[in-house]
1. Filter region 87-102 down to the residues that are over 18 Å from Leu73 (Cα atoms) and crowded, with 17+ Cβ neighbours inside 10 Å, then identify the one that is modelled with the lowest pLDDT.
2. Only one of (1) surrounded by 13 or more Cβ atoms within 10 Å (Cβ to Cβ); (2) out of contact with any Leu (no Cβ under 8 Å at 6 or more places or on another chain) is not met by Ile42, so which one is it?
3. So is Ser171 over 20 Å from Gln139 (Cβ atoms) and of a type in the set (Ser, Thr, Tyr) or not?
4. Hey, any hits in region 51-65 for a residue that's modelled with pLDDT of 90 or more, among the polar types (S, T, N, Q), part of a loop (DSSP other than H, G, I, E, B) and over 23 Å from Asp175 (Cα atoms)?
5. Taking the stated definitions as given, is Gln139 touching a helix residue (DSSP H, G or I) at 6+ places or on another chain (Cβ under 8 Å), modelled with pLDDT of 90 or more and under 25 Å from Ser186 (Cβ atoms)?
6. Checking the conditions here, which among Arg18, Arg45 is outside any helix (DSSP H, G or I), of a type in the set (Lys, Arg), farther than 30 Å from Ser171 by Cα and over 20 Å from the mean Cα position of the chain (by Cα)?
Amino acid sequence: MTGRLAPGEPLRQDEIARSFGVSHVPIREAFLRLEAERLVEIRPRRGAIVAALSAAELEELNEMRAALECCALRIATPKLTDGDLQKAAQVLDRIDHQPKRWGEQNTAFHTILYKPAERPRLLAEILSLQRSVERYVYQEVKVTNNLADSQREHRKLLELISRGKIEEACSLLNDHILKPGHILVSKLRESGHA
């Protein structure tokens, strides 16, 4: 997810099993799950590798995220309490102080905003999409160096929500998801990752 293992890098089943002190069976099962999530490619008789990044996949994931997250925000905003907004602001403070934990804290921030929608299937889909896009987000931060911009947008989002400006908040959220993604999509296409 963090990019520590590069796309195309081989995943040695023996080494991984040894490092975790387990047999090959749970490693094979993990590879199958990771393949289903498009994080690993299993090549017959050659083993598993870290899946390549795909501009088309990122574009699709972000389009889906924007639609579903804006839907959740519209439903949740009237139900958000001052306590919810305070919790969300505290998460942003943690991001400022621990930027290396940005991925998990970013998910926590958005989850606080969407949970009051009381739509468990919608939230589960959003979380699944966020997990799918997480490795791209780490690349996006490297390419765009946009962590400070992201934090400003998060704080502006909280301000709009607290003022009841739902459509402005949704517009900002849509741009927050799509604009940095477009930059990475362009970079991926330039480097041959269709």
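1. Trp102
2. (2)
3. On the way: over 20 Å from Gln139 (Cβ atoms): yes; of a type in the set (Ser, Thr, Tyr): yes.
It is true that Ser171 is over 20 Å from Gln139 (Cβ atoms) and of a type in the set (Ser, Thr, Tyr).
4. Checking region 51-65: not a single residue is modelled with pLDDT of 90 or more, among the polar types (S, T, N, Q), part of a loop (DSSP other than H, G, I, E, B) and over 23 Å from Asp175 (Cα atoms).
5. When the stated conditions are applied, Gln139 does not pass them.
6. Details: Arg18 fails: outside any helix (DSSP H, G or I).
Exactly one of Arg18, Arg45 is outside any helix (DSSP H, G or I), of a type in the set (Lys, Arg), farther than 30 Å from Ser171 by Cα and over 20 Å from the mean Cα position of the chain (by Cα), namely Arg45.
The values are calculated or read from the model by the stated rules, or taken from the named source; none is laboratory data. Remember, it's a predicted structure, so these values are computed and weren't measured experimentally. Here Cβ is always computed from backbone atoms with ideal geometry, including for glycine, and neighbour counts include all displayed protein chains.
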